[in-house]
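The values are calculated or read from the model by the stated rules, or taken from the named source; none is laboratory data. The structure displayed is predicted, hence computed values, not measured ones. Neighbour counts run over all protein chains shown; Cβ positions are idealised from the backbone, glycine included. Quick note on the areas: whole protein, heavy atoms, side chains included, nothing else; ligands and nucleic acids left out. Shrake-Rupley method; radii C 1.70, N 1.55, O 1.52, S 1.80 Å.
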Amino acid sequence: MFIPVSDAPKKSTRAGTAIAWLAPVVLAWGALIVLSHRPGAGAVLWTDRFFGWAVALTCVSAIGWSLAIHRTRRLVMFRWLTVYLVLAVAWLALEVAAALNLINWRLVFDRVTGSGLVNHQYSTDFLFDRELEFRRPPGAHWAGPAAGDIEWERSVPPALPRSLSFQYDSSGYRNPTNLTRAEVALIGDSFVEGWSVQDEETAARVLEKELQLPVANLGVAGYGTVPELLVLKKESPRLKPSVVVWFFFEGNDLYDDWRWERSVPMYYTLNADQRVAGEPLNAAQPWRQRSFAGNVIRSLRRWSDGVIPNRVPYVGFPLASARNRQPIYFANYASVPWSDWLVERWGQTRPRFEEGNRYCRERGIHLLVCYVPIKFRVYRPFVEFPSGSPCRQWDVWPLPKEFADFCRTAGIPFADLTEPLQAAVQAGGMPYARTDSHWGPEGHRLVADFLRDEIRRHGWLPGRP
């Protein structure tokens, strides 16, 4: 006599196994959502770290869940293995392309997911240059809404988006017209070029209005002292300035010089037409930044903002203004302690300023070197950091005193911008943009006024107003 056997126990077992595979994923994402809404820098940083692991866990659990709910496990396993093998081969090919500097996936993803922000053009619109490493394309122009660089880096929706316009001259510098002569030339990186401000709000344009004399903006984002020295030697014969102001940013100029030393020797083997406008220079950028998988995770993190909010971990609140407790964002420059390696980098930087000073003296050019402090150094005495914030443990480098002593010994006119910037903050001003690591319009006006007074005090433009 045939006795049918119920299939219910098998179904129950499959259902239990499927739930067992799904439970860790649900718990992981639930915990991540809760963590992402917790206050404090630790919660922000750990949310970013766990997000990638949660994505990996979801991929693994999907296989186990699929096997649990299907009867034909071998067929399902074969299909999953086929899918994952194809994906693994494709992923390996994409990562190899990044490892060989053939492509920077971060820039590709930013172009697709940048929400129309002008940040992408500012970060990537460069031409290859055999000597300078890179430069802006002649006549480049972009306009549109912009997020603060800290917001952009952390994939945070811009709190105070500004509509910015950038216009470059035929030499690739941010000047509204092609200058054939300039009484004053400003040399530096993104602080001089003027991220987070309009064309007419840069220190160069404000100083030009105040002096009623042509002022050249020769700043390029990402430059260190090596390419800046080359800019001085290349552009001075053309512009014949009476005064050159050379800005040094303590946040990354030493690192930018290190990158230049690694990158430029390799570029001498390339032809100029191997690089085109909009194609960034990848050689010295870390693989982690170029990685395809890493940028997939970063894009997923950006798209998940509505549920798992992206936030800035390093924030402070004004002490003196109880009515305005809006957070002030900080980059993590000060998280890096002063070290023997940085001492060595500083030792290699000093000769470049000495060479620039000799070059200017031989040609009757007045040189002023300006020290640009990081935002943390300027605001630290006037903000309150939340309990548990890593910013409470940060310290500033001893570089300003070292720089001042060096310039005094070398006979180079020197100005540390820390004090005037701090005075502005103490008075309730905001010289650095609240959500950015650069000067805002107020900071550029302050620097222009400071330069005007310094130039007049030294009498470098006799007979001029």
For this session: Test Arg174 against the stated conditions and say whether it is crowded, with 20+ Cβ neighbours inside 10 Å and assigned to a helix (DSSP H, G or I).
Result: no
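Of the residues Leu207, Leu186, Leu232, which single one is over 12 Å from His444 (Cβ atoms) and of a type in the set (A, V, I, L, M, F, W, C)?
Working: Leu207 fails: over 12 Å from His444 (Cβ atoms); Leu186 fails: over 12 Å from His444 (Cβ atoms).
Being over 12 Å from His444 (Cβ atoms) and of a type in the set (A, V, I, L, M, F, W, C) holds for just one of Leu207, Leu186, Leu232, which is Leu232.
Looking at the range 152-171 only, could you name the residues that are among the aromatic types (Phe, Trp, Tyr) and part of a loop (DSSP other than H, G, I, E, B)? Walk me through it before giving the result.
Keep residues of the range 152-171 that are among the aromatic types (Phe, Trp, Tyr), which gives 152, 166, 168.
Scanning the range 152-171 gives a single hit, Tyr168.
Looking at the range 185-211, which of its residues are part of a loop (DSSP other than H, G, I, E, B) and modelled with pLDDT of 95 or more? Outline the logic, then answer.
Initial filter on the range 185-211 (part of a loop (DSSP other than H, G, I, E, B)): 188-189, 194-198, 202.
Across the range 185-211, the qualifying residues are Gly188, Asp189, Gly194, Val197, Gln198, Thr202.
Going by the structure shown, is Pro462 within 26 Å of the chain's Cα centre (by Cα), farther than 25 Å from Glu228 by Cα, at pLDDT below 95 and not in a strand (DSSP E or B)? Steps first, answer last, please.
Details: within 26 Å of the chain's Cα centre (by Cα): no; farther than 25 Å from Glu228 by Cα: yes; at pLDDT below 95: yes; not in a strand (DSSP E or B): yes.
No; evaluated as a whole, the condition is false for this residue.
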Problem set entry | First in the range 151-163 and of a type in the set (Lys, Arg), second anywhere and open to solvent by 80 Å² or more (accessible area, probe 1.4 Å) and not in a helix (DSSP H, G or I), Cβ under 6 Å, 6 or more apart | none
Problem set entry | Residue selected from the range 126-147 under the condition assigned to a loop (DSSP other than H, G, I, E, B), under 18 Å from the mean Cα position of the chain (by Cα) and at pLDDT 90 or above, by the criterion farthest from Pro176 (Cα to Cα) | Ala147
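For the range 56-65, check the following and say yes or no: at least one residue is open to solvent by 30 Å² or more (accessible area, probe 1.4 Å), part of a helix (DSSP H, G or I) and touching a residue at least 60 places away in the same chain (Cβ under 8 Å). Reasoning before the result, please.
Initially, the range 56-65 is screened for residues open to solvent by 30 Å² or more (accessible area, probe 1.4 Å), giving 56-60, 62-63, 65.
Filter once more, so that each one left must be part of a helix (DSSP H, G or I): 56-60, 62-63, 65.
Retained after the next criterion (residues that are touching a residue at least 60 places away in the same chain (Cβ under 8 Å)): none.
Within the range 56-65, none of the residues are open to solvent by 30 Å² or more (accessible area, probe 1.4 Å), part of a helix (DSSP H, G or I) and touching a residue at least 60 places away in the same chain (Cβ under 8 Å).
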For this session: State all residues of the range 210-229 that are closer than 17 Å to Leu446 by Cα and either of a type in the set (Phe, Trp, Tyr) or crowded, with 20+ Cβ neighbours inside 10 Å (or both); if no residue qualifies, say none.
Result: Leu211, Val215, Asn217
Seminar exercise, completed: Of (1) closer than 25 Å to Asp129 by Cα; (2) within 14 Å of the chain's Cα centre (by Cα); (3) among the β-branched types (Val, Ile, Thr), Ile150 fails just (1)
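Report the residue count in the range 235-256 for those that are more than 27 Å from the chain's Cα centre (by Cα) and not small (Gly, Ala, Ser).
Initially, the range 235-256 is screened for residues more than 27 Å from the chain's Cα centre (by Cα), giving 236-243.
Cutting the leftovers down to not small (Gly, Ala, Ser) gives us 237-241, 243.
Selection size over the range 235-256: 6.
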Problem set entry | Filter result for the condition that a residue is open to solvent by 50 Å² or more (accessible area, probe 1.4 Å) and modelled with pLDDT of 95 or more, over Pro398, Pro413 | Pro398
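Take the residues of the range 425-440 that are of a type outside the set (Ser, Thr, Tyr) and crowded, with 20+ Cβ neighbours inside 10 Å: which is farthest from the chain's Cα centre (by Cα)? Before you say what the answer is, go through the steps one by one.
As a first pass, look at the range 425-440 and keep what is of a type outside the set (Ser, Thr, Tyr): 425-431, 433-434, 436, 438-440.
Add one more test, that the residue is crowded, with 20+ Cβ neighbours inside 10 Å, and what stays is 425, 431, 433, 436, 438-440.
Working: Val425: 23, Pro431: 19, Ala433: 14, Asp436: 10, His438: 10, Trp439: 14, Gly440: 16 Å.
Taking the candidates together, the pick is Val425.
Look at Ala433 and say whether it is touching a strand residue (DSSP E or B) at 6+ places or on another chain (Cβ under 9 Å) and under 19 Å from Glu201 (Cα atoms).
Working: touching a strand residue (DSSP E or B) at 6+ places or on another chain (Cβ under 9 Å): yes; under 19 Å from Glu201 (Cα atoms): yes.
Criteria met by Ala433.
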Seminar exercise, completed: Selection over the range 424-459 where residues are free of Cβ contacts under 8 Å to residues at least 40 places away in the same chain, in a helix (DSSP H, G or I) and closer than 30 Å to Asn119 by Cα yields a count of 5
For this session: Answer yes if at least one residue in the range 89-96 is touching a helix residue (DSSP H, G or I) at 6+ places or on another chain (Cβ under 8 Å), modelled with pLDDT under 85 and open to solvent by 30 Å² or more (accessible area, probe 1.4 Å), and no otherwise.
Result: yes
Problem set entry | Residue within the range 177-199 that is aromatic (Phe, Trp, Tyr), surrounded by 24 or more Cβ atoms within 10 Å (Cβ to Cβ) and either within 18 Å of Asp449 (Cβ to Cβ) or touching a Leu at 6+ places or on another chain (Cβ under 6 Å) (or both) present | yes
Seminar exercise, completed: Of the residues in the range 348-407, those that are hydroxyl-bearing (Ser, Thr, Tyr), in a helix (DSSP H, G or I) and under 30 Å from Ala43 (Cβ atoms) come to Tyr379
